[in-house]
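Let me begin by presenting the structure, written as structure tokens, before commenting on it.
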Amino acid sequence: MNHEPSAIDLSVDLNGIEMRNPVTVASGTFGYGQEYADIVDLEKLGAIVVKGVSLEPWDGNQTPRMVEVPGGLLNAIGLQNPGVDGFAETYMPFLRKHDVPVIVNVWGKSVDEYAEASARLSDVEGVDGLEVNISCPNIKEGGIAFGTDEKMAAEVISAVRKSTKLPMIPKLSPNVTDISIFAHIAEEEGADAISLINTLPGMAIDIETRKPVLANVVGGLSGPAIHPVAVKMVWQAAQAVKIPIIGMGGITDAATAIEFIIAGATAVAVGTANFTDPATCLNVVVGIEEYLLRHGMKSVAELVGTLEV
Ligand SMILES: Cc1cc2nc3c(=O)[nH]c(=O)nc-3n(C[C@H](O)[C@H](O)[C@H](O)COP(=O)(O)O)c2cc1C
């Protein structure tokens, strides 16, 4: 694959995951990479973060489980996935052929399941890092408690840490009073980086039937509506930890991505925008480079955490 040489150094290192540029995709919005390969040159991404994987296959929630709302999307997919073995057999052969780091988003219904799934994924050739989803608001058991409870968050991150030598990236829940506490817990328990934010809880009602639009009643809000919330949380987290941060939430273009970098994110992830314009990720890469040129900077690292207050 031919990558045009550039005067600007866009590369970033997430404590062991070397990305050619700071732009990746948000878990669950880019399938397992393969689904987008015809329209997006995967090797131009900084990394691919795949949809959440659990120890055993999981059906997810009943439909309808996605609805467009003003400013974004409500989803209650419920973490449908083929399980560790299904993922490794079905999707990794394709991903291994590409020169791009693969980060697997992992979740479980208990601490043991998180640890076991992480251990098993660590043995899969071609997996470069684990993003640990401690923040999904859709599953009634397990998940919800981890990301919003200090003790549970520490316990699950610590267990995953012991189960893998791969770079480990807890993905924080925004549904907490003080995100910096959870960022700090992740760092203390041995995380190599953190990512944030996951979706915020929301609900939509069909006023004619007076029924909830989603079969699950409630879902997770993503897209432009959550961007300012996410920028604020990344900024707070960046002040609490030294490890790199992947910022996400409502990125639609280079400007909305650059806000995260200025707030303190080393890398950014594009989520919901992949559904409306699959070219967003690559446009963001080009836009970041143009911005750095315009501001006389030689590397993206120079921009990280440069907010002036
Ligand atoms: C349809 C859908 C599925 C998602 N699935 C996952 C998932 O499996 N694991 C996870 O950690 N986050 C998941 N997320 C959350 C996103 O990765 C991201 O954190 C969130 O959508 C905010 O970014 P955005 O506003 O750019 O979409 C999902 C989001 C959407 C919209």
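The values are calculated or read from the model by the stated rules, or taken from the named source; none is laboratory data. What you see is a predicted model, and the numbers here were worked out from it, not measured in a lab. Please note: Cβ atoms are built from the backbone with ideal geometry, for glycine as well, and neighbour counts cover all protein chains shown. Keep in mind that these areas ignore ligands, DNA and RNA; they rest on the heavy atoms of the full protein, side chains included. Shrake-Rupley method; radii C 1.70, N 1.55, O 1.52, S 1.80 Å.
Laid out as a table, the results:
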| read-out | value |
| --- | --- |
| Region 198-209, subset in contact with a strand residue (DSSP E or B) (Cβ under 7 Å, 6 or more places away or on another chain) and aliphatic (A, V, I, L, M), residue farthest from the ligand (Cβ to nearest atom) | 205 |
| Complete set of residues in region 256-303 that are out of contact with any strand residue (DSSP E or B) (no Cβ under 8 Å at 6 or more places or on another chain) and either of a type in the set (S, T, N, Q) or part of a loop (DSSP other than H, G, I, E, B) (or both) | 256, 276, 277, 278, 279, 283, 295, 296, 297 |
| Lone unmet requirement of (1) surrounded by fewer than 24 Cβ atoms within 10 Å (Cβ to Cβ); (2) at pLDDT 95 or above for residue 196 | (1) |
| Which listed residue, of 228, 224, 212, 278, is within 11 Å of the ligand (Cβ to nearest atom) and over 19 Å from residue 134 (Cα atoms) | 224 |
| The lone exception for residue 182 - which of (1) out of contact with any Asp or Glu (no Cβ under 9 Å at 6 or more places or on another chain); (2) open to solvent by less than 20 Å² (accessible area, probe 1.4 Å); (3) modelled with pLDDT of 95 or more it fails | (1) |
| Region 199-234 - residue that is assigned to a strand (DSSP E or B) and of a type in the set (A, V, I, L, M, F, W, C) and, of those, surrounded by the fewest Cβ atoms within 10 Å (Cβ to Cβ) | 205 |
| Region 138-155, subset in contact with an Asp or Glu (Cβ under 9 Å, 6 or more places away or on another chain) and open to solvent by less than 10 Å² (accessible area, probe 1.4 Å), residue modelled with the lowest pLDDT | 146 |
| Selection within region 161-185 - away from the ligand (no atom under 14 Å from the Cβ) and assigned to a helix (DSSP H, G or I) | 161, 162, 163, 180, 181, 182, 183, 184, 185 |
| Strands (runs of 3 or more DSSP E) enclosed by region 7-93 - at least 1 residues per element that are open to solvent by 20 Å² or more (accessible area, probe 1.4 Å), more than 10 Å from the ligand (Cβ to nearest atom) and out of contact with any Asp or Glu (no Cβ under 6 Å at 6 or more places or on another chain) | 66-69 |
